Structures are given as structure tokens and as C-alpha cells.
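The block underneath contains the structure these notes are about, expressed in C-alpha cells.
The values are calculated or read from the model by the stated rules, or taken from the named source; none is laboratory data. Just so you know, these numbers come straight off a predicted model, no measurement behind them. Cβ: placed from backbone, ideal geometry, glycine included. Neighbour counts: every protein chain shown.
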Amino acid sequence: MSTVKEKIELLHKKDAEANLGGGADAITKQHERGKLSARERLQLLFDNGYYQEFNKLVENSGRKISSIAGRKMPGDGMVTACGPINGRIAYVASQDFTIMGGSLGEMHAWKMSEAMLKSLKNGCPFIAINDSGGARIQEAIFSLRGYGEAFYHNTALSGIVPQISIIAGPCAGGAAYSPALMDFIIMVKNTGKLFITGPAVIKGVTGEVVSDEELGGAMAHATKSGNIHFVAENDNHAIEITKQLLSYLPQNNTETTPSYGDGSIDIIEYPDLNTIIPDDPKEPYNMLDVINKIVDPGSVLEVKQFWATNILTCFARMNGETIGIIANQPCVKAGCLDIDASDKASEHIRFCNAFDIPIVTFVDVPGFLPGVQQEHGGIIRHGAKMLFSYSASTVPKITVVIRKAYGGAYLAMCAKSLGADRTAAWPTAEIAVMGSEGAVAVLNAKELKEASDPAARKKELLKEYEDKWQTPYPAAEYGLIDAVIEPVKTREYISVCLQTLKNKREVRPAKKHGLIPM
Ligand code: HXC
């Protein structure tokens, strides 16, 4: 019979063993790969490095069909914990690469699912730190069940608590679908790798030769696939981004976002907003400069900064309160909406609506991008996602038309008829079915053909059209917009809108769910 002292010593021994994961040498190897260990990541993430671990002493399940039954595997390669991040609790599952390459076995998966269920029950964000060789080959079918359960729980959490995935190592095969089911993916450059089939399999099947970084590195996903939301330089940076992102988000779908204001409106006017739009309507400008002169200084956090850059999706603050922003970017593809831009915007709108974040939309859109590739790629289906997302959103929606607002793309950028609660236009706004060149070509083709001086007549017709339609006033006269505002007054206008829409309640008939075009 052991003494109490011996029993306590045994506990300390087990705890120390668990803390070491795959052992000191394996941790050194992890550092040499440019990565932190699973627990070092948690220490950085939680306030003062403090967290409460659960299921720490879980071991490998030792299924008799597995060739690794009986092998010592502290925590089964998974560290699960909760603790405060900027004073608010989050639940985290951090894969331990020092144990069998962080591969996912039965108990590893069970621990992850437990952490998810705890985050759901307690209404706290769930964060997964991925660094894994995927399904643990020796535990085959149990690994597959584990992934299935992770996907199921990711889906159960969706729209209830924010879910953030950090890709800090390999994340390949079916494993990539758990991050894909979460709300945000933050990926570390060089060490993070995300793909369904790696370079070797691709070479064997299609003959294509590609490096793992080119195929599934952070910049490939940030610029080409659009699968990820943020790029981090290293593990520390990924954790900084996670904390910054959480600072904009509520704990769950029934709570409000964190407030950094005192409820009053802080009026800041940048006089150069009045001159930021070039006199030539074809000349581009940077919409980020406009946004930065309207929201709280330094508060913009761009989401998917490097993909579909013809549209901007951001979080920001107004008077210390979180807002979501969708804005056309006139210096890329003239701010046209295309397939990727529609998907990017729709995702952001849906997230903001699910978590009660007011949406502010800044419009300068000449239309949907014309082209065979766009049509055959399904721009109708993708563009419809934006119409659906805005129409289905019940959060406060404020739209400011900065310059061009043409045709269907004007509607897709949250026009009043799509349920915008407040709509304003700058005096530079052009709200019309199409631009003057296109309109004159359609309406006056016959007249121009017969004109004695077609060029001079066309110039006159263009001017007539522009004077009549390329202004905000016809829309204002018929109540299609609520107000025409001086650019410098935009912050004040939006601030008042946000305050007066704070108690917005929009009740719609109950249904199981709508059918967003996919
Ligand atoms: C068991 C694994 C493993 C796995 C790695 N290890 N992946 N063990 N199952 N899936 C082990 C290695 O054998 C090694 O053990 C240790 O982890 C570290 O791996 P290394 O290869 O030394 O590390 P590194 O060079 O950094 O390479 C990491 C890696 C590579 C790129 C992840 O290990 C790799 O390619 N692994 C296999 C990936 C894979 O094919 N996974 C299955 C995917 S299918 P020792 O004992 O030597 O230290 C899948 C289906 C899911 O996931 C479907 C869900 C729906």
C-alpha cells in the first residue's frame, strides 16, 4: 500500500511525463523545424500563460487491432485546455507533433471532440491548433471515425460559437476539412501545409510537379485558393492574430461583441475625404484610405487580404464597437464583382449576421465582371450568394454609395431594396442601370447611325445621360437612398445609424433554413 506522499509523487511523475509529450529530444526537433510545441503555443495564447488542461492523462486507446497497442503516448498527441484570452475564456485543442507526428488516433480525436462540446456548452470560442500527419495509420478506422466526429461537431458549433483554426504544421488529406468547416483559418508561412493530396500523389496521378509550399503553403492559399483568412510569419504571429481577431468577436451568438467605447459618439472629420474621389470617374483610388478615415483610427482588420482583392472584407470599430465591412476596391478590376469576390463577401456577411455584427457596405461598383470565364464559372450562382446573404441578414445594415453603383451589382452591394436599414450616397455617387457609354449605345444606336456628325452627337447624348443619371439625386428624389451626405460627415452619419439601429429586431416567419445558392 503506497503512502499519501508516494501517491502525490506518482501524480507529479505522471504530470511531468504528460508535460513532456514525446520527450525533450522531440521538442528540440520541433523547435528545429521552426515550430513551438503544443503547450508552448497554449502558454502564448492564454493570458499570463495560464490555462486549465483537461484529459491530460489520457493514453492511447490500445485497440488490439492496432500495431501500436501498448505504446506510451502521453495525452495521445493532443492537448486540450481552456483559459482566458484577453480576459475571456476560450477552449483549445492543440495537436502535439512530438507524439507520432500529431497523428489523429481514437483518443486524440475524442479529446478534440470533448473540447468542442465544452466550448459549445459554455458558449466560448473554439480554437484548433493543427500540426499533424493526419489519420494515425495504425488506428485506421478509429481515426476515420474521429475525423467524422470532428466534422460533425464543427458543424454543430457553427453559428453558435466562433471557431478559429491555426495551421501551424502539416494538415493534409481529410484532416483539412475540419479547418474548412471553421470560421477562420490562420496559416503559418513555411511550416503550415494544407492540402487534400500532396505533391507525390499528384505527380503519380496527373504528372504535375509542384512543391508542397507551392501547392499548399500559406501564400498559395492566401492568394490562389482563398481557403485561408490570415497569413502569419510564425507561430507567435499566428497567436497574435488569433487574439486580435477574438477582440472583435462575441463569445457566442447570444452575446454582444466586446465594447471598447463609452457609448458616446466620437466625431472625427478628415477634410481630405471631400477630395479623395478623383474628378475623372474612371480614375481609381484606394477604398482602404476611405475606410481608414471613417472608422476608429487603427481599427481595421482585413480578412482574406490577399484573395479576391477587388472586394474588401474587414472588421473595424466605430466608437469602440465592432462592425463588419464589405467594400468594393476600385483599384483592382475597377471594383467589379466576380465569382471570388462574391464568395468572399458572402462568407463575411454570413459570419457577421450569425454573430450579430452590424454590416457597413461601401459601394463603388461598375457591375459584375463580364466574360465567358465568369459566365461559365457560374457568376450567376455565385453572385446570387451575395443577394441571398444580404437579404437574409437581420443585423443592422448601413450602405454608403461612394461612386459607381450600377445595375445588379448595385443591388448586390446591399441596396435599400435588399433590406439595408440606412442608405446614403456621397455627391459623387452614380446610381444607374449602367454607365453612359453602354446606355447611349443601346438607347441611341439608330439616331447615332443617322446623325450628320455621330461623334459630336454621341458626346451630347453622353453628357445628357451623365447629367441626368450619374448623380445620386434621382435615387434620392424617389427614396431609393435616405440621404446625400458630404463625405467628411460619413463617420457621424454611420455612428448615428449604428446607435439608432442598436435595438433592431427583425422577425421573419420560422423555417428550418433557407436555401442559399451553392
Ligand atoms: C502514424 C505518423 C503519421 C501518421 C507521421 N507519423 N504521420 N504516424 N500515422 N499519419 C509519424 C512518423 O512516422 C514519425 O514517427 C513522426 O510521426 C514524425 O514524422 P516525420 O515524418 O519524421 O516528420 P516530418 O519529416 O516533419 O514529416 C511530417 C509529415 C510526414 C509530412 C506529416 O510524416 C507524412 O507525410 N506523414 C504521413 C501523412 C499521411 O499520409 N497521413 C495520412 C493522411 S490520410 P517516428 O517514430 O519516426 O518519430 C488522412 C485521411 C483522413 O488523413 C480522412 C479523414 C476523413
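Annotation note: Cβ proximity below 9 Å between a residue of region 488-514 that is farther than 15 Å from D356 by Cβ and a residue that is among the basic types (K, R) and in a loop (DSSP other than H, G, I, E, B) (sequence gap 6+ or interchain) occurs for V488/K293; T490/K293; R491/K293. Identify, please: which residue in region 243-257 is part of a loop (DSSP other than H, G, I, E, B) and within 18 Å of the chain's Cα centre (by Cα) and is, among those, nearest to D47 (Cα to Cα)? Here the residue is S247. When residues in region 330-343 are screened for being of a type outside the set (D, E) and surrounded by fewer than 24 Cβ atoms within 10 Å (Cβ to Cβ), 6 of them pass.
Looking across region 175-192, the residues that are within 13 Å of the ligand (Cβ to nearest atom) and either touching a strand residue (DSSP E or B) at 6+ places or on another chain (Cβ under 8 Å) or within 21 Å of I241 (Cβ to Cβ) (or both) come down to A175, A176, S178, P179, A180, L181, N190, T191, G192. Whether a residue is away from the ligand (no atom under 14 Å from the Cβ), at pLDDT 95 or above, touching an Asp or Glu at 6+ places or on another chain (Cβ under 6 Å) and not polar (S, T, N, Q) was assessed, and L117 does not pass this test. Within region 139-174, the set of residues being among the charged types (D, E, K, R) and near the ligand (Cβ under 9 Å from one of its atoms) comprises E139 only.
Within region 289-304, residues that are within 19 Å of C497 (Cβ to Cβ) and touching a residue at least 60 places away in the same chain (Cβ under 8 Å) sit with their Cβ atoms under 6 Å from residues that are among the hydrophobic types (A, V, I, L, M, F, W, C) and assigned to a strand (DSSP E or B), at 6+ positions apart or across chains, in these pairs: V295/A316; V295/M318.
Within the span defined as region 68-75, one or more residues are at positive phi and surrounded by fewer than 14 Cβ atoms within 10 Å (Cβ to Cβ).
Residue check: is G146 part of a loop (DSSP other than H, G, I, E, B) and touching a residue at least 24 places away in the same chain (Cβ under 8 Å)? Judged against the criteria, G146 is not a match. If you go through region 325-341 and keep only what is in contact (Cβ under 8 Å) with a residue 40 or more places away in the chain and either over 29 Å from K502 (Cβ atoms) or of a type outside the set (A, V, I, L, M) (or both), you end up with N328, Q329, P330, C331, A334, G335, C336, L337, D338, I339, D340. Would you say I65 is part of a loop (DSSP other than H, G, I, E, B) and more than 14 Å from the ligand (Cβ to nearest atom)? When the stated conditions are applied, I65 passes them. Residues that are part of a loop (DSSP other than H, G, I, E, B) and loosely packed, with under 14 Cβ neighbours inside 10 Å were ranked within region 46-61; the one that is nearest to the chain's Cα centre (by Cα) is Y50. The helices (runs of 4 or more DSSP H) found entirely in region 393-510 that carry 2 or more residues being more than 25 Å from D266 (Cβ to Cβ) are 407-412, 436-443, 445-450, 454-469, 473-477.
The set of residues from region 193-213 being away from the ligand (no atom under 12 Å from the Cβ), within 19 Å of G133 (Cα to Cα) and assigned to a loop (DSSP other than H, G, I, E, B) comprises just one member, S211. Within region 50-67, if we keep just the residues that are of a type in the set (D, E, K, R) and closer than 12 Å to G105 by Cα, the residue that is modelled with the lowest pLDDT turns out to be R63.
Among residues of region 231-260 that are modelled with pLDDT under 95, none has a beta-carbon under 8 Å from a residue that is crowded, with 16+ Cβ neighbours inside 10 Å at least six positions away or on a different chain.
Determine if region 128-138 includes at least one residue that is assigned to a helix (DSSP H, G or I) and either within 11 Å of the ligand (Cβ to nearest atom) or surrounded by 23 or more Cβ atoms within 10 Å (Cβ to Cβ) (or both). Yes, region 128-138 contains a residue that is assigned to a helix (DSSP H, G or I) and either within 11 Å of the ligand (Cβ to nearest atom) or surrounded by 23 or more Cβ atoms within 10 Å (Cβ to Cβ) (or both).
Every listed requirement among (1) under 14 Å from S178 (Cβ atoms); (2) within 25 Å of the chain's Cα centre (by Cα) is met by P125 save one, (1). For region 140-149, a residue qualifies if it is of a type outside the set (F, W, Y) and in contact with a strand residue (DSSP E or B) (Cβ under 8 Å, 6 or more places away or on another chain), and the qualifying residues are S143, L144, G146.
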